[in-house]
């Protein structure tokens, strides 16, 4: 008995639907792979241009929301990027000289509602960045900042004292006290500071400071505090600091923002 048109049509429709679904799945997978691969290639290219050694690629994910649908709607709902550490710290003038810092600490970046309307200026509705600043990075940054802060003929007495007599030689994260211990002159002096967040900005509470067993002048404590604060401010860029925790070997810093132009953060760090 010949098949009627009504019995064939449902099978044809089902076949078309299956083919369309497969094509969409392939396109979705291909698009995710392509964008992720482009981001990895750009990261490696930038690292190579800076002469940095990259031991692993960044990882990129787009969540469960269909990427094709998001692009059709003008925004990618979710993008998460894990960026490996590319830090390289050198002392061109030898031990005790001003350090040179290249690369960035490791970071996890999560973007929500990333607009694709203007690819030259992509704007993320929400921006969340968590980074780990190791003690070595903090030490090098503070040394570099202190060299700037205490330089020049117009430096005050406290600044000249720091410049000529006090050399920062170590930074250590104290998890138990939730503080950062700054050591200088090979242990002859120290400064203990607890990082806190006030209205989205970083501040440091000075717990104690001593030089050869004598309390440091307030100007020196303030100069050192400002030097360490600039470490986080440089990483923060236009974002607000949500939290900062002292962990083994460094600081975990979480920064957040809304309606952030991603291009403006390219030079941060």
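The values are calculated or read from the model by the stated rules, or taken from the named source; none is laboratory data. Source: prediction; values computed, not measured. No Cβ is skipped: glycine too gets one built from the backbone with ideal geometry, and neighbour counts run over all protein chains shown.
A compact table of results
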| item | result |
| --- | --- |
| Residue that is surrounded by the fewest Cβ atoms within 10 Å (Cβ to Cβ), among those in the range 165-207 that are in contact (Cβ under 8 Å) with a residue 60 or more places away in the chain and either touching a helix residue (DSSP H, G or I) at 6+ places or on another chain (Cβ under 6 Å) or in a strand (DSSP E or B) (or both) | 174 |
| Scope the range 239-257; condition assigned to a strand (DSSP E or B), surrounded by fewer than 17 Cβ atoms within 10 Å (Cβ to Cβ) and either modelled with pLDDT of 90 or more or in the same structural domain as residue 86 (by TED's automatic domain parsing) (or both); matching residues | 242, 243, 245, 247, 252 |
| Candidate set: the range 117-128, residues that are in a strand (DSSP E or B) and modelled with pLDDT under 90; chosen: the one nearest to the chain's Cα centre (by Cα) | 124 |
| Among residues of the range 99-113, those that are within 13 Å of residue 260 (Cα to Cα) and over 18 Å from the mean Cα position of the chain (by Cα), counted | 1 |
| Conditions (1) more than 28 Å from residue 133 (Cβ to Cβ); (2) surrounded by 12 or more Cβ atoms within 10 Å (Cβ to Cβ); (3) modelled with pLDDT under 75; number of the one not met by residue 4 | (2) |
| Residue within the range 46-64 that is closer than 29 Å to residue 126 by Cα, at pLDDT 75 or above and surrounded by fewer than 13 Cβ atoms within 10 Å (Cβ to Cβ) present | yes |
| Check on residue 219, at pLDDT below 80 and either assigned by TED's automatic domain parsing to the domain that holds residue 106 or not in a helix (DSSP H, G or I) (or both) | no |
| Among the residues listed as 24, 9, the single one being at pLDDT below 75, more than 28 Å from residue 259 (Cα to Cα) and touching a helix residue (DSSP H, G or I) at 6+ places or on another chain (Cβ under 9 Å) | 24 |
| Residue among 176, 181 that is at pLDDT 85 or above and out of contact with any strand residue (DSSP E or B) (no Cβ under 7 Å at 6 or more places or on another chain) | 176 |
| Number of positions in the range 87-116 that are surrounded by 13 or more Cβ atoms within 10 Å (Cβ to Cβ), assigned to a loop (DSSP other than H, G, I, E, B) and touching a strand residue (DSSP E or B) at 6+ places or on another chain (Cβ under 8 Å) | 8 |
| Meets criteria (at negative phi, buried (at least 18 other Cβ atoms within 10 Å of the Cβ) and modelled with pLDDT of 85 or more) for residue 80 | no |
| Selection within the range 117-127 - surrounded by fewer than 18 Cβ atoms within 10 Å (Cβ to Cβ) and touching a strand residue (DSSP E or B) at 6+ places or on another chain (Cβ under 7 Å) | 121, 125, 126 |
